[in-house]
Each structure stands twice: as structure tokens, then as C-alpha cells.
């Protein structure tokens, strides 16, 4: 049977993930840290309250991050703000659902749930936020 290790699931922050907006980059790094805490708890077989609290912390940080990102996008004159807001709302709904499921199943996450958390963070940063680099660069110059 195939088993995932902590190394398989852990995310390492890299400068290539930087979007060029310090507030957003700092929050992304914090998301990586919270996610990696979830991985460590998962691998150690310590789901329970610590896991739920960390997942809830990731959800709270994500909500704040999206609010900050949307505010900064509006200030920089982003043309696709409505689309980005819609994607943020979908992501938050998904995170809320996963966090609620953790509470209902005695906080025992599955490997699939861990992969969803990981892919959510990577997809958000690599597919969505990296496209904002030119916006942040232009607003810095302006």
C-alpha cells in the first residue's frame, strides 16, 4: 500500500511564488506555514482539536487574505476584480465545508483532504495570484 510521507505533502516557500506585493507574499508564506502545521499533525496521527484549530486558523487567514487582496486589487485598478472575488468566494466555501467536515468526523482528516488543502494553496497562488504580478509592479511604479 502506498503511504504519503510528510515530505510528500509539505510545501516549501520559494521566491518563485512571490507576487511582488509584500502583504500578499507574507500572507501566502503564512498559509504555507499553517498548511505545513496541518501536515505535521496529520503525519503524527494527531488529528483532534489541534488539527481543527489549525485548519480554522488557515480559513481565517484565507478570509483576511482575500479581503486584503481584493482591496489592493481595487486600489491598483484591477480589471478582473469581480472574477477574482467570485473565485475567492468559491475557495472560502470549500474551506468552510472541509473545516465543518473535520468537526463532524471527529477531526480525522484523510489523505485526500490533505491533498485538497495543498492543491488549493498551490492553485490559488500559482494559477491566480501570480497573474497579478504585473498589476503589483505597475502600482509600485505609479
(request) Could you state the angle between the C-alpha long axis of helix 111-122 and the longest principal axis of the C-alpha atoms of the chain, as a value from 0 to 90 degrees rounded to the nearest 10? (result) 10
(request) Only one of the values (1) 42, 36, 25; (2) 52, 28, 23; (3) 68, 41, 26 was calculated from this structure for Cα extents along the principal axes in Å; name its label. (result) (2)
(message) Using only the alpha-carbon atoms, how far is helix 48-76 inclined from the longest principal axis of the chain? Give it as 0 to 90 degrees, nearest 10.
(response) 10
(message) Starting from the 7 Å offset along Cα-to-Cβ, what nm value, one decimal, do you get for the label separation of residue 82 and residue 64?
(response) 3.1
(message) Counting other beta carbons within 10 Å of each residue's own, what order do 129, 25, 119 fall into, fewest first?
(response) 119, 25, 129
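Going by average Cβ density within 10 Å per residue, which order do the peptides 70-80, 28-38 take, highest to lowest?
Ranking, from highest mean packing down: 28-38, 70-80.
None of the figures in this text is laboratory data; all of them are computed from the coordinates on show. Since we're looking at a predicted model, the values are computed, not measured. Every residue, glycine as well, gets a Cβ built from its backbone with ideal geometry; the counts of neighbours run over all protein chains shown.
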